[in-house]
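K.L.:
Here it is, the structure in full.
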Amino acid sequence: MANDLSGRVALVTGGASGIGLATATLLAQRGAKVAITDIDEAKLAQATADLRIRADNRAVADVRRAVESVEKELGRLDILVNNAGISGRSLPLDQIDEAGFDAMFETHVKGAFFITQVAVAGMKRRKFGRIINISSHFSMIGSASASHYVGAKTALNGFTRGWALEFGPFGITVNTVAPGLVETAMTLASIGSHEIRRRGESYPIGRNPTPNDIAESIAWLCSDGAAAVTGQAISPNGGIAIVGI
């Protein structure tokens, strides 16, 4: 079966809640062994996974240790989902301070860069890999607020294009999934349920995408069914922005 992930090992960063948890759950259902990282120890303890790792995506030592733990405990690493992220809280430019800017780029950009740097070594040796960067539809259409969030997510799109060309000869595909506004604990804390649902009503499909909707796109890109897809951005956004594949 094209969607069967049996025999594969996946690592989902930020996998204890929201899109990350939905993705980890679906990959496991498709047959993969799944490891997750997170900084929320309570949610991490509650999540079901073959391996749960407390790791801060902003710390290079943490992400390197996470990959090493997966390869030691689960034997290999075939799939990396760079999902860990934080909210931009809809801040205008003049309210974004240095600490907020640094946290945004360290979590999304630095974390994804250095965990991929470590993970790709084994993928190259085995001549197989799937790397999925979780971006945002705002990286394609822009936003009137949270420009630091938009910039960080846009950087992930750039990683996807560059890495697809660099790693393709080793049998590794790299793609972006750029969700629309999804109701998760993070977005609820940022703009609230009323605003999320209000926006969802304007989506052509009449609702916000769910974490499971996003997970389905990620799982497909991890599968043999998407073996010829690389360097692309898929945006499951309910039709609010006609971008990507």
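K.L.:
Could you tell me whether the range 112-127 includes any residue that is outside any helix (DSSP H, G or I), closer than 27 Å to Ala215 by Cβ and modelled with pLDDT under 95?
P.N.:
no
Listed here are the residues, each with its yes/no results for (1) over 18 Å from Val243 (Cβ atoms); (2) more than 17 Å from the chain's Cα centre (by Cα).
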site	(1), (2)
Ala112	yes, no
Thr116	yes, no
Gly122	yes, yes
Lys127	yes, yes
Asn133	no, no
His137	no, no
Thr160	no, no
Ser193	yes, yes
Ala219	yes, no
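K.L.:
Hey, another quick one. Which residues, taken from the range 118-128, are surrounded by 17 or more Cβ atoms within 10 Å (Cβ to Cβ) and either of a type in the set (Lys, Arg) or at positive phi (or both)?
P.N.:
none
K.L.:
Same structure, new question: Do we find that Ala227 is within 15 Å of Ile19 (Cβ to Cβ) and surrounded by fewer than 17 Cβ atoms within 10 Å (Cβ to Cβ) in this structure?
P.N.:
no
K.L.:
Looking at the range 141-162, which of its residues are more than 24 Å from Gly225 (Cβ to Cβ) and of a type outside the set (Gly, Ala, Ser)?
P.N.:
Ile141, His148, Tyr149, Val150, Lys153, Thr154
K.L.:
If you don't mind, there's one more thing I want to ask. Give the residues of the range 129-162 that are in a helix (DSSP H, G or I), buried (at least 22 other Cβ atoms within 10 Å of the Cβ) and of a type in the set (Gly, Ala, Ser), sorted by residue number.
P.N.:
Within the range 129-162, Ser139, Ala152 meet the criteria.
K.L.:
Consider Asn175 carefully, then state whether it is under 19 Å from Gly14 (Cα atoms), part of a strand (DSSP E or B) and at pLDDT 95 or above.
P.N.:
yes
K.L.:
Still on this model: Can you name every residue in the range 178-207 that is more than 18 Å from Ser139 (Cβ to Cβ), touching a helix residue (DSSP H, G or I) at 6+ places or on another chain (Cβ under 7 Å) and not in a helix (DSSP H, G or I)?
P.N.:
Matches in the range 178-207: Glu183, Arg207.
K.L.:
Hey, which of the strands (runs of 3 or more DSSP E) in the range 1-64, taking only ones fully inside, have at least 3 residues that are crowded, with 17+ Cβ neighbours inside 10 Å and among the β-branched types (Val, Ile, Thr)?
P.N.:
Per the criteria, 33-38.
K.L.:
I need a count of the residues in the range 65-104 that are over 17 Å from the mean Cα position of the chain (by Cα) and either of a type in the set (D, E, K, R) or not in a helix (DSSP H, G or I) (or both).
P.N.:
So the answer is 16.
K.L.:
Something else about it: Can you tell me which residue within the range 67-117, out of those that are surrounded by fewer than 18 Cβ atoms within 10 Å (Cβ to Cβ), of a type in the set (Lys, Arg) and touching a residue at least 12 places away in the same chain (Cβ under 8 Å), is nearest to Thr23 (Cα to Cα)?
P.N.:
Here the residue is Arg76.
The values are calculated or read from the model by the stated rules, or taken from the named source; none is laboratory data. Please read all numbers here as calculations on a predicted model, not as lab measurements. All Cβ positions, glycine included, derive from the backbone under ideal geometry; neighbour counts span all protein chains shown.
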